[in-house]
Amino acid sequence: MGDVWQEVLSVQPEPESWIVVSAAVLALAAVLLGPPWRVGRNVVTIAHEGGHALVALLSGRQLTGIRLHSDTSGVTVSRGRPTGIGMILTVFAGYVSSSVIGLLGILMLMSDRITALLWLSIVVLAAMLLMIRNVYGVVSVVVTGAVVFGVSWFTPPEVQAAFAYLFIWFLLFAGVRPVFELQSQRRRNPSPHSDADQLARLTGVPGTLWVVVFALVNLAVTALGVWLLLF
């Protein structure tokens with residue numbers, strides 16, 4: 001066990017620049033192209049609902065369950081005051097979580113803690129699994145965790161590095177597209193249950209403005225992440 005922890009906490013060699021750039025291009029393609037996006041969108045949903053759940057706990061709310069659906073939607077249920085800053089932050093967290101997680105991952109990659117990043121991802125997924133309340137959600141989280149574990153345990157450092165950069169680039173880029181999908185859905189089929197419309201009820205600020213805020217935050221975080229790794 002000591003050897004395992006030493007390996008996890010050790011510093012890995014920084015990958016060559018072409019690996020970092022190639023991972024960025026592949027991640028961007030996975031966000032922009034339909035078929036890979038339909039698969040990768042499940043990972044974004046995990047990050048989205050995980051963001052709701054974490055902020056709910058940090059704001060003192062009681063987390064009761066998370067559901068992930070095959071249409072890549074999800075629901076996180078918590079108990080506490082139905083209004084106030086805690087509820088506002090909990091609802092706000094979802095659409096910015098993927099980009100923020102991507103940026104935090106970049107900070108770990110910049111310190112060459114590649115294996116630690118992968119294992120931290122596994123720990124977070126395992127903790128989230130305890131709160132999943134439907135079969136598809138369990139399958140989605142377990143499959144994602146199994147892929148990350150397989151790469152971290154069975155592949156050489158070079159492959160781990162390429163995967164870690166691809167994974168983090170994808171989370172960083174993938175935060176932007178769902179915001180535009182949200183606004184498109186709000187135009188086609190308005191729903192009072194969207195995060196933007198919930199925030200509108202909680203704050204009195206129009207839902208469309210909240211969509212703009214989501215977009216600006218994610219674009220700014222994405223730009224910062226690109227600058228940190230490529231410039």
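R0 = 30 Å: FRET efficiency of Leu216 with Val135, Cβ-based, nearest 0.05?
Computed FRET efficiency for Leu216 and Val135: 0.25.
Thr203 versus Glu181, label points 7 Å from Cα toward the beta carbon: distance in nm?
The two pseudo-label positions are separated by 2.3 nm.
Short version: what are the Cα gyration tensor semi-axes of segment 22-146, square root of 5 times each eigenvalue, largest first, in whole Å?
Working: eigenvalues 121, 61, 43 Å².
Working through the eigenvalues yields semi-axes of 25, 17, 15 Å.
Within the chain, which whole H helices from DSSP have a Cα span along their axis of at least 18 Å and a mean Kyte-Doolittle hydropathy of 0.0 or more, if any? Working shown, then result.
Details: long enough: 17-32 (23 Å, 2.45); 34-58 (36 Å, 0.37); 85-110 (33 Å, 2.07); 114-129 (23 Å, 2.58); 135-154 (27 Å, 1.98); 157-174 (25 Å, 1.54); 207-230 (34 Å, 2.19).
Flagged H segments are 17-32, 34-58, 85-110, 114-129, 135-154, 157-174, 207-230.
Please report the spacing between the Cα centers of segment 51-82 and segment 198-231 in Å, no decimals.
Computed from Cα coordinates, the inter-centre distance equals 20 Å.
With all protein chains present, how much of the accessible area of the chain (probe radius 1.4 Å) comes from carbon and sulfur, to the nearest whole percent?
71 percent
Let's see if you can work this out: charge +1 on each Lys and Arg Cβ, -1 on each Asp and Glu Cβ, no other charges. What is the dipole magnitude of the chain about its Cα centre, in debye to the nearest 20? If you can, show how the numbers build up before the last one.
Numbers: 13 positive and 11 negative charges, 225 e Å.
Dipole magnitude for the chain comes out near 1080 debye.
Using a 1.4 Å probe on the protein heavy atoms only, what accessible surface does Phe163 show? Give it in Å² to the nearest 10.
The value for Phe163 is about 50 Å².
So for segment 147-231, Kirkwood radius off the Cα pairs, Stokes-Einstein at 25 °C and 0.890 mPa s: how many µm² s⁻¹? Write out the running numbers ahead of the final one.
Working: Rh = 15.1 Å.
Stokes-Einstein gives a translational diffusion coefficient of 162 µm²/s.
The values are calculated or read from the model by the stated rules, or taken from the named source; none is laboratory data. Given the structure is predicted, the values throughout are model-derived calculations rather than measurements. So basically every Cβ, Gly included, is an ideal-geometry build from the backbone, and we count neighbours across all protein chains shown. Ligands, DNA and RNA are stripped out before the accessible areas are found, and what is left, the full protein with its side chains, is counted by its heavy atoms. Shrake-Rupley method; radii C 1.70, N 1.55, O 1.52, S 1.80 Å.
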